[in-house]
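Okay, so here's the structure we're looking at.
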Amino acid sequence: MSGTHASGKSTLISDFRLAMPGYALQPDPFDDLDDEVEPASPSSFLAQFAVTVRRTREGMPGAAVIAERGPLDFLAYLRALDVLGRWSLPVETEESLRRWTSLAMRDVDLLVVLPCDGRIRVAAEEDEALRWAMDEQLRECLDDPELVGDVADVHEIAGDRSARRDALVRAVELRTRGR
């Protein structure tokens, strides 16, 4: 599950797991970080990137897994910080992040993207500029075949809460039947 902050990922995952029990959850990687880490900082995004790559590569053998966020998200956040002039993403760092993202995406069967469409209103402290910049960078990453690689299914899901849940259930059912 990919998307900028406050795009509805946690809500959709919760609704999906109620509709289709039995899926193991890889929660938001921010939960694995120390409390002292500033949430929207380059160091936080780099640490979360590392968590998602490790989780994606290791997987949960034998389990059907839904992951809240993946490496694409954090590459997009780091690029967004660069675009906003809040951090300069070194070329070597971006190249390394791209290689790791490409490698991790090989282990993804279904990529669900929640666009930032303005339906969800957020408080001022949610950093609206970063939210939209990340969404734009995520879309650019999705258009890059080197990053997305051979992910079998990529679905952008929009709409109200029930429409999103139903679309995700359908996508998973189609993916499961196609195996």
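What follows is calculated from the coordinates using simple rules that are stated; it is not laboratory data. No experiment lies behind these values; they were computed from the predicted model shown. Please note: Cβ atoms are built from the backbone with ideal geometry, for glycine as well, and neighbour counts cover all protein chains shown.
Here Arg106 passes the criteria (1) under 17 Å from the mean Cα position of the chain (by Cα); (2) exposed (fewer than 14 other Cβ atoms within 10 Å of the Cβ); (3) at positive phi except the one numbered (3). If you go through the stretch 142-161 and keep only what is farther than 19 Å from Leu103 by Cβ and touching a residue at least 60 places away in the same chain (Cβ under 8 Å), you end up with Ile157, Arg161. Within the stretch 97-109, is even one residue over 30 Å from Val169 (Cβ atoms) and of a type in the set (S, T, N, Q)? No: zero hits. Does Ser96 satisfy being among the polar types (S, T, N, Q), more than 21 Å from Ile157 (Cβ to Cβ) and more than 16 Å from the chain's Cα centre (by Cα)? The answer is yes for Ser96. Glu92 meets each of the listed conditions (1) surrounded by 14 or more Cβ atoms within 10 Å (Cβ to Cβ); (2) closer than 29 Å to Ser43 by Cα apart from (1). Restricting attention to the stretch 97-110, does a residue exist that is farther than 14 Å from Phe45 by Cβ and touching a residue at least 60 places away in the same chain (Cβ under 8 Å)? Yes, the stretch 97-110 contains a residue that is farther than 14 Å from Phe45 by Cβ and touching a residue at least 60 places away in the same chain (Cβ under 8 Å).
Yes or no: Val172 in a loop (DSSP other than H, G, I, E, B) and either among the hydrophobic types (A, V, I, L, M, F, W, C) or within 24 Å of Phe16 (Cα to Cα) (or both)? No: the conditions fail for Val172.
Please enumerate the residues belonging to the stretch 50-82 that are closer than 17 Å to Arg131 by Cα, hydrophobic (A, V, I, L, M, F, W, C) and under 15 Å from the mean Cα position of the chain (by Cα).
Selection gives Leu72, Phe74, Leu75, Ala76, Leu78, Ala80.
Apart from one condition, Leu89 fits all of (1) touching a Phe, Trp or Tyr at 6+ places or on another chain (Cβ under 8 Å); (2) of a type in the set (A, V, I, L, M, F, W, C); (3) within 29 Å of Gly118 (Cβ to Cβ); the exception is (1).
Given Ser10, Ser44, which one is part of a helix (DSSP H, G or I), over 10 Å from the mean Cα position of the chain (by Cα) and over 23 Å from Arg170 (Cβ atoms)?
Details: Ser10 fails: over 23 Å from Arg170 (Cβ atoms).
Within the list Ser10, Ser44, the selection yields Ser44.
Report, by residue number, each residue of the stretch 28-58 that is touching a residue at least 12 places away in the same chain (Cβ under 8 Å) and exposed (fewer than 14 other Cβ atoms within 10 Å of the Cβ).
Arg57, the sole residue that qualifies.
For Ala123, indicate whether it is without any contact (Cβ under 8 Å) to a residue 24 or more places away in the chain, over 28 Å from Val169 (Cβ atoms), of a type outside the set (Asp, Glu) and surrounded by fewer than 20 Cβ atoms within 10 Å (Cβ to Cβ).
yes
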